[in-house]
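**Student:** There's a structure below that I have some questions on.
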Amino acid sequence: MKIVYEELTIILGKHARFLLGESGGEKADLEGVDLYGRDMANANLAGANLKETNLKRTILWDANLEGADMEKAALKHAILQGANLKNANLRCAGLKGVNLSGADLRGTDLREADLDSAVFNGALYDENTRWPCDFDPGATGAVNNK
């Protein structure tokens, strides 16, 4: 399902009010939505439902996705440089070719995610970050931030 820019703006506005505890606020539910190639730099989608969302080639640099549920999301070639993904669920997500340079991956669940050709230079992780089997984050340039 595709949504137009105006609809997305309304959803992001309601989510911002939700995060602030203001009336009229509503948690963003973008499950299964097609957001291919959108510019969502600096968006605040903390705790949002982004399950199975198409975020391929989407610009999400410096976005706040802390605690977001992105299970099975398609993020091929998306830009998540500097994004806050603390405690996000990216289990089974398609992250092929994604730029995660400088992203915060502490506590993030990346089990069974496709990390082929993903860039992790300076990305932070900790002992609570869950990686796919046999994946070595240190070899990718990610930094263990115990």
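**Student:** Among the residues of region 38-73 satisfying the criterion of being more than 11 Å from the chain's Cα centre (by Cα) and acidic (Asp, Glu), which is surrounded by the most Cβ atoms within 10 Å (Cβ to Cβ)?
**Tutor:** Glu52
**Student:** Residues Ala16, Ala28: which one is touching a His at 6+ places or on another chain (Cβ under 6 Å), without any contact (Cβ under 8 Å) to a residue 60 or more places away in the chain and over 25 Å from Gly122 (Cβ atoms)? So that I can check it myself, show each step before the final result.
**Tutor:** Working: Ala16 fails: touching a His at 6+ places or on another chain (Cβ under 6 Å).
Every option except Ala28 fails the conditions.
**Student:** While we're looking at this one, here's another question. I'd like to verify a number: residues in region 31-51 that are assigned to a loop (DSSP other than H, G, I, E, B), under 18 Å from Cys92 (Cβ atoms) and either hydroxyl-bearing (Ser, Thr, Tyr) or without any contact (Cβ under 8 Å) to a residue 24 or more places away in the chain (or both), how many?
**Tutor:** 3
**Student:** Somewhere in region 86-101, is a residue within 18 Å of Thr58 (Cα to Cα), out of contact with any Asp or Glu (no Cβ under 8 Å at 6 or more places or on another chain), in a loop (DSSP other than H, G, I, E, B) and among the charged types (D, E, K, R)?
**Tutor:** Within region 86-101, not a single residue is within 18 Å of Thr58 (Cα to Cα), out of contact with any Asp or Glu (no Cβ under 8 Å at 6 or more places or on another chain), in a loop (DSSP other than H, G, I, E, B) and among the charged types (D, E, K, R).
**Student:** Residues in region 103-119: is at least one of a type outside the set (D, E, K, R), assigned to a strand (DSSP E or B) and either in contact with a Gly (Cβ under 9 Å, 6 or more places away or on another chain) or buried (at least 24 other Cβ atoms within 10 Å of the Cβ) (or both)? Outline the logic, then answer.
**Tutor:** Within region 103-119, the first condition is being of a type outside the set (D, E, K, R), and the residues that meet it are 103, 105, 107-108, 110, 113, 115, 117-119.
So of that shortlist, the ones also assigned to a strand (DSSP E or B) come out as 119.
Checking which are either in contact with a Gly (Cβ under 9 Å, 6 or more places away or on another chain) or buried (at least 24 other Cβ atoms within 10 Å of the Cβ) (or both) leaves us with 119.
There is at least one residue in region 103-119 that is of a type outside the set (D, E, K, R), assigned to a strand (DSSP E or B) and either in contact with a Gly (Cβ under 9 Å, 6 or more places away or on another chain) or buried (at least 24 other Cβ atoms within 10 Å of the Cβ) (or both).
Every number here is computed from the coordinates shown, using simple stated rules; none is lab data. Just so it is clear, the structure is predicted and the values come from calculations on it, not from any experiment. Cβ sites come from the backbone with ideal geometry, for glycine too, and all protein chains shown count toward neighbours.
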